[in-house]
Amino acid sequence: LETRFPSIIDDNRYKEIHKIVCSPLFDNVIDIIVVINTIVVITQSYPELFSSDYNNARNSKINDALIDTPWEIVETIFTLIYVAEMLLKITMLGWKKYSSNIRNLFDAFITVLAVVATILVYSPTGFSNNDLIRFILMSRVLRVFRFVMIIKPFKVMSRAFIGVLPAARRIAALLFCIVYTFS
């Protein structure tokens, strides 16, 4: 925007929006929305995880290619919020600064996948499995693990875990070869 539309940069409304989007409060609000998303995903997944007759009790409207159940409405609202967040950040920060943060890239990847899945599921293509959207939004819940890093003992454990990852990759490759040979 600065190079192509310099007059917008001088606008007071743009400055206010830029100030809001670049503030820690904006990220905190999005983090609260992610926590709410986590609670919704857990609530939505509870019958599937802990009920033996989940498939018998499942709502027949869930795979009808319409946004007509409360869960589908909530998932669509979360997707729209994440799209708005991504577009605001890209517009205000610019692509270069936005993409320099790995968290933003992860969020953008999940948001684009959720939009593609929403279009695929709710368009009249014959594929209407709403679980695809839910599973993609579940991966957004991984962002909640960032809060664990605030607690000191977890910070030490996670740094040790991250330090072990390069060696674990080699062990995983060895285990894969052993299991492949065994199979």
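Structural remarks
- Of all residues in segment 61-118 being in a loop (DSSP other than H, G, I, E, B) and modelled with pLDDT of 85 or more, the one that is most open to solvent (accessible area, probe 1.4 Å): SER100
- In segment 18-37, the residues that are over 21 Å from THR91 (Cβ atoms) and open to solvent by 20 Å² or more (accessible area, probe 1.4 Å): ILE32, VAL35, ILE36
- Among the residues of segment 75-92, the one identified as under 15 Å from ARG103 (Cα atoms) and among the hydroxyl-bearing types (Ser, Thr, Tyr) is TYR82.
- The residues listed here are ARG4, ARG13; of these, the one that is in a loop (DSSP other than H, G, I, E, B) and at pLDDT 70 or above is ARG4.
- Here VAL121, VAL141 are screened, and the one residue that is at pLDDT below 85, surrounded by 17 or more Cβ atoms within 10 Å (Cβ to Cβ), over 15 Å from the mean Cα position of the chain (by Cα) and in a helix (DSSP H, G or I) is VAL121.
- Pair list, Cβ under 7 Å, 6 or more apart: segment 33-44 residue in contact (Cβ under 8 Å) with a residue 12 or more places away in the chain, other residue in a helix (DSSP H, G or I) and open to solvent by 70 Å² or more (accessible area, probe 1.4 Å): GLN44/TRP71
For (1) β-branched (Val, Ile, Thr); (2) without any contact (Cβ under 8 Å) to a residue 12 or more places away in the chain; (3) more than 25 Å from VAL35 (Cα to Cα), each residue gets a yes or a no:
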{"position": "MET86", "(1), (2), (3)": "no, no, no"}
{"position": "TRP95", "(1), (2), (3)": "no, yes, yes"}
{"position": "ASN104", "(1), (2), (3)": "no, no, no"}
{"position": "MET138", "(1), (2), (3)": "no, no, no"}
{"position": "ILE162", "(1), (2), (3)": "yes, yes, no"}
{"position": "LEU165", "(1), (2), (3)": "no, yes, yes"}
{"position": "ALA173", "(1), (2), (3)": "no, yes, yes"}
{"position": "VAL179", "(1), (2), (3)": "yes, yes, yes"}
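The values are calculated or read from the model by the stated rules, or taken from the named source; none is laboratory data. Computed from a predicted structure; not experimentally measured. Glycine also receives a Cβ, built like all others from the backbone with ideal geometry; neighbour counts cover every protein chain displayed. Please note that ligands, DNA and RNA were not included when accessible areas were found on the heavy atoms of the full protein model with its side chains. Shrake-Rupley method; radii C 1.70, N 1.55, O 1.52, S 1.80 Å.
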